[in-house]
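The values are calculated or read from the model by the stated rules, or taken from the named source; none is laboratory data. These numbers were taken from a predicted model, which means no experiment stands behind them. Cβ: placed from backbone, ideal geometry, glycine included. Neighbour counts: every protein chain shown.
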Amino acid sequence: MARESAAFSKEKRGWTFHHKFVILGRMKTVTVRDLRYDFPKIEAMLRLDEEILITKHNKPFATLQKPKPAAKKAKPVLPDFAARRKKIWGDRVFTAQEVEEMRAFETGEP
């Protein structure tokens, strides 16, 4: 949809400036001043169109566009804790005395 306009020259104080602009189909154009002082108008324009070209001193400065919808995050897959426990300890059940011995060993108490 984009087409380029022909380059044109502008004489200014003996210098020649060549400008080449890209004209996009149906893109609205506003100035930085409009953005600063009349934002509700630009917000309404953005609701209707996908993109708005912002110019500064009649030159393209930036493009304002609607945000893309955020992709839904998948829930993290948790490991199977029961299978993990069974792999490490098997079907073993500790007695109270064994648990006390393990605690004493971990804490360093006699």
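Residue under question is GLU50, and the condition is that it be at pLDDT 85 or above, within 26 Å of the chain's Cα centre (by Cα) and not hydrophobic (A, V, I, L, M, F, W, C); does it hold?
When the stated conditions are applied, GLU50 does not pass them.
Please verify whether ASP38 is over 19 Å from the mean Cα position of the chain (by Cα) and without any contact (Cβ under 8 Å) to a residue 12 or more places away in the chain, treating the condition exactly as stated.
It is true that ASP38 is over 19 Å from the mean Cα position of the chain (by Cα) and without any contact (Cβ under 8 Å) to a residue 12 or more places away in the chain.
If PHE17 satisfies all but one of (1) surrounded by fewer than 10 Cβ atoms within 10 Å (Cβ to Cβ); (2) modelled with pLDDT under 90; (3) not in a strand (DSSP E or B), what's the number of the condition it fails?
If we test PHE17 against (1) surrounded by fewer than 10 Cβ atoms within 10 Å (Cβ to Cβ); (2) modelled with pLDDT under 90; (3) not in a strand (DSSP E or B), just (3) comes out false.
Give the stretch 55-86 a look and list any residue that's surrounded by 11 or more Cβ atoms within 10 Å (Cβ to Cβ) and part of a loop (DSSP other than H, G, I, E, B), or say none.
Listed by number, the list holds a single entry, LYS66.
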